[in-house]
1. Tell me yes or no: at least one residue of the range 204-211 is surrounded by 17 or more Cβ atoms within 10 Å (Cβ to Cβ), in contact (Cβ under 8 Å) with a residue 12 or more places away in the chain and in contact with a strand residue (DSSP E or B) (Cβ under 6 Å, 6 or more places away or on another chain).
2. What are the residues in the range 219-235 that are free of Cβ contacts under 8 Å to residues at least 60 places away in the same chain and either within 18 Å of Pro321 (Cβ to Cβ) or in a helix (DSSP H, G or I) (or both), if any?
3. Which pairs do you get when a residue that is among the charged types (D, E, K, R), found in the range 240-260, comes within reach of a residue that is assigned to a strand (DSSP E or B), reach meaning Cβ atoms under 6 angstrom, with the pair 6+ apart or on two chains?
4. Give the residues of the range 66-97 that are assigned to a loop (DSSP other than H, G, I, E, B) and surrounded by fewer than 19 Cβ atoms within 10 Å (Cβ to Cβ), sorted by residue number.
5. Can you go through Ser311, Ser317, Ser286 and tell me which one is more than 25 Å from Arg147 (Cβ to Cβ), among the polar types (S, T, N, Q) and over 15 Å from the mean Cα position of the chain (by Cα)?
6. In the range 303-320, how many residues are crowded, with 22+ Cβ neighbours inside 10 Å and touching a strand residue (DSSP E or B) at 6+ places or on another chain (Cβ under 7 Å)?
7. Restrict the check to the range 292-302 and report whether at least one residue is surrounded by fewer than 22 Cβ atoms within 10 Å (Cβ to Cβ), of a type in the set (S, T, N, Q) and touching a Phe, Trp or Tyr at 6+ places or on another chain (Cβ under 9 Å).
8. Of the residues Ala63, Ala146, which single one is at pLDDT 50 or above, outside any strand (DSSP E or B) and within 30 Å of Trp275 (Cα to Cα)?
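The values are calculated or read from the model by the stated rules, or taken from the named source; none is laboratory data. If you're wondering where the values come from, they're calculated on a predicted model, not measured in any experiment. Glycine gets a Cβ as well: all are built from the backbone with ideal geometry, and neighbour counts include every protein chain shown.
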Amino acid sequence: MNSIHPVVRALALSILLAFLSFIPLGVAHASVSSPRPASKLVHVQPPEPEAEPWETSIAKIEAARHAGALSTSEAARLRWLAISDWQQLPPSYQPQAPSHVISAPQDRNTSSKPRTLPAPGASVPLHAHPNSSEAGPTDGMVQAAARMAAVFSDHTEWDSATTEAIYADMEQAQQQELVSLNLNITSTHFVIHWAANDDDLPDGCETTACSYARAISDSLELSWREFENYGYNMPPPMHFGKEKIDVYIQPVVTVCGASYGDAEEEDKKILGMSWPGDIYLRSDQSNHDVLLPLATHELYHQVQWYYVGFSGNGCGSWISPWLWYHTGSAWLMEATATWIEHEVYPTRSREPGATYRGALRLDF
């Protein structure tokens, strides 16, 4: 650089500076003389999912609780009615009731300012999963956990009488439902239960020679062997306090007093779910390309519950699994259970996304 003549060096530097100064001036001039037309952006807001009756009722109950009109335990009892039998709620908390105002009682340490409750179907923050009201034939654990989380999220703050009353109601409803399933067959690891008078089942299911039940049993035992071949430690049924894993075939999946999925509308059906020690499946799924992978999917949830460490069985012991699943574990459990379906049944494929809306599909 020292060998370059100073005049040449100065000239080169001047040219460079002029070039650099020209660039922003040119751009600025262009932007003034020929402005680009403004872009028209159209923001499409996705429609709010239609609230289910229990969601609307719980929104009203929670608004009343926050206003001081209900205690924590009073609200808990009403929330339980909202998910189990909302028609038994007081009229002001029923989903079809119009928006109204509830004033806080003066003997509570709360403001007496009235609170306007939302109209049915209004968008209200709940403990429920954001997709809990989406339609579609599906594994129903997301919906079930959303409902139970909406009831039990503050269960440690209830008084003992409320806790005992709700637990007793759940267990009573569960036993009444399961007693109605009066036929069963057993296999190495499972007991399959169903009702002789279930009109959704195929002919022959009035006896234990039920092809539907046997297809489920065979699929579960096949899946059990496949999981073992993959190296999984399979759950000993005694881990859940029973001799075999129970599988319940029902017209509408019903667990602990709450029913899931409309019995008639195809796009609202809940096909199954799986809580520690129990598997629930619908009785009207004649398509084996759906039924058999579904059984595999639900059995995989039993493996997951075992690995996570949830034990015991029955409604009271499922509160912790419900809350754990709802607060962040659903996506991984459902994604891997969907993946294993394709491993066990590579030629039987349910519709993509039918298991869990938002699940990551693992296609190796």
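1. No, because not a single residue in the range 204-211 is surrounded by 17 or more Cβ atoms within 10 Å (Cβ to Cβ), in contact (Cβ under 8 Å) with a residue 12 or more places away in the chain and in contact with a strand residue (DSSP E or B) (Cβ under 6 Å, 6 or more places away or on another chain).
2. Listed by number, the residues that qualify are Glu221, Arg225, Glu228, Asn229.
3. Lys244/Phe190; Lys244/Val191; Asp246/Val191; Asp246/Asp278
4. Ser71, Asp85, Pro90, Gln94, Gln96, Ala97
5. Being more than 25 Å from Arg147 (Cβ to Cβ), among the polar types (S, T, N, Q) and over 15 Å from the mean Cα position of the chain (by Cα) holds for just one of Ser311, Ser317, Ser286, which is Ser286.
6. Residues flagged as crowded, with 22+ Cβ neighbours inside 10 Å and touching a strand residue (DSSP E or B) at 6+ places or on another chain (Cβ under 7 Å) within the range 303-320 amount to 1.
7. No, the range 292-302 contains no residue that is surrounded by fewer than 22 Cβ atoms within 10 Å (Cβ to Cβ), of a type in the set (S, T, N, Q) and touching a Phe, Trp or Tyr at 6+ places or on another chain (Cβ under 9 Å).
8. Going through Ala63, Ala146 in turn, just one is at pLDDT 50 or above, outside any strand (DSSP E or B) and within 30 Å of Trp275 (Cα to Cα): Ala146.
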